[in-house]
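First the structure, in the form of structure tokens, and then the observations on it.
The values are calculated or read from the model by the stated rules, or taken from the named source; none is laboratory data. Predicted, not measured: the structure shown is a model, and the values here were computed from it. Heads up, the Cβs are rebuilt from the backbone with ideal geometry, glycines too, and the neighbour counts pull from every protein chain shown. Please note that ligands, DNA and RNA were not included when accessible areas were found on the heavy atoms of the full protein model with its side chains. Shrake-Rupley method; radii C 1.70, N 1.55, O 1.52, S 1.80 Å.
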Amino acid sequence: MDDDLEIGRFAALARQRRGERKPETFAFLGFIHYCGVTRDGRFIVKHKTEGKRLTRKLKALREGTWRHMHMALATQHKWLAAVLRGHYGYYGRPHNYPALNGFYQQTRRIWFRCLRRRSQKSRRMSWLEFEILTSRFALPVPRITRTWAQARR
């Protein structure tokens, strides 16, 4: 097998004729780029967040949350909201919503666990109490920030 990366409109068809698997993927700028088709059957290169980058970002988020643990809730919320908006701004591309939603859910889980470690009294905080808290300090929900036209660039 040669070292050329086979990706493009006819890659899947050519590989299928040779009895090979789906076209290869490649990682670039924090995204995994892979071949896909639109709803009407046209070829498209899709993007999803690279797993290593996501893991590294969650680890840094966890450490930052622990550094902010004893600050006021408003300060913690402001910092977490800024982190989420930045993440959505960079990774908010079409077809990447599942990864954005996963990051959002993990962020909520990290914040919940951190709040439960603030004191012995807060260890009893339930998810219901956390939901009440986040209704007041709502985190930005995942959203696609790049349009199709912007994604083509």
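Is it the case, given these coordinates, that residue 61 is in contact (Cβ under 8 Å) with a residue 40 or more places away in the chain, farther than 17 Å from residue 27 by Cα and in a helix (DSSP H, G or I)? Yes: the conditions hold for residue 61.
From the list 85, 124, the one residue that fits, being open to solvent by 50 Å² or more (accessible area, probe 1.4 Å) and closer than 29 Å to residue 45 by Cα, is 85.
Taking segment 94-135 only, how many residues are in contact with a Gly (Cβ under 8 Å, 6 or more places away or on another chain) and either in a helix (DSSP H, G or I) or among the aliphatic types (A, V, I, L, M) (or both)? Total meeting the criteria: 1. Filtering 93, 109 for residues that are closer than 30 Å to residue 134 by Cβ, open to solvent by 60 Å² or more (accessible area, probe 1.4 Å) and at pLDDT 80 or above leaves a single hit, 109. Looking at 138, 81, 74, 99, just one residue is of a type outside the set (Lys, Arg) and under 21 Å from residue 26 (Cα atoms), and that residue is 99. Considering 100, 133, the condition of being surrounded by 12 or more Cβ atoms within 10 Å (Cβ to Cβ), under 19 Å from residue 84 (Cβ atoms) and more than 22 Å from the chain's Cα centre (by Cα) is satisfied by 133 alone.
When segment 28-43 is filtered for residues that are free of Cβ contacts under 8 Å to residues at least 40 places away in the same chain, under 15 Å from residue 93 (Cβ atoms) and more than 15 Å from the chain's Cα centre (by Cα), the ones remaining, listed by number, are 28, 34, 38. For segment 25-53, taking the residues that are farther than 30 Å from residue 86 by Cβ and open to solvent by less than 80 Å² (accessible area, probe 1.4 Å), the one that is modelled with the lowest pLDDT is identified as 43. Output yes when any residue across segment 136-153 is more than 20 Å from the chain's Cα centre (by Cα) and not in a loop (DSSP other than H, G, I, E, B), and no when none is. Yes, segment 136-153 contains at least one residue that is more than 20 Å from the chain's Cα centre (by Cα) and not in a loop (DSSP other than H, G, I, E, B).
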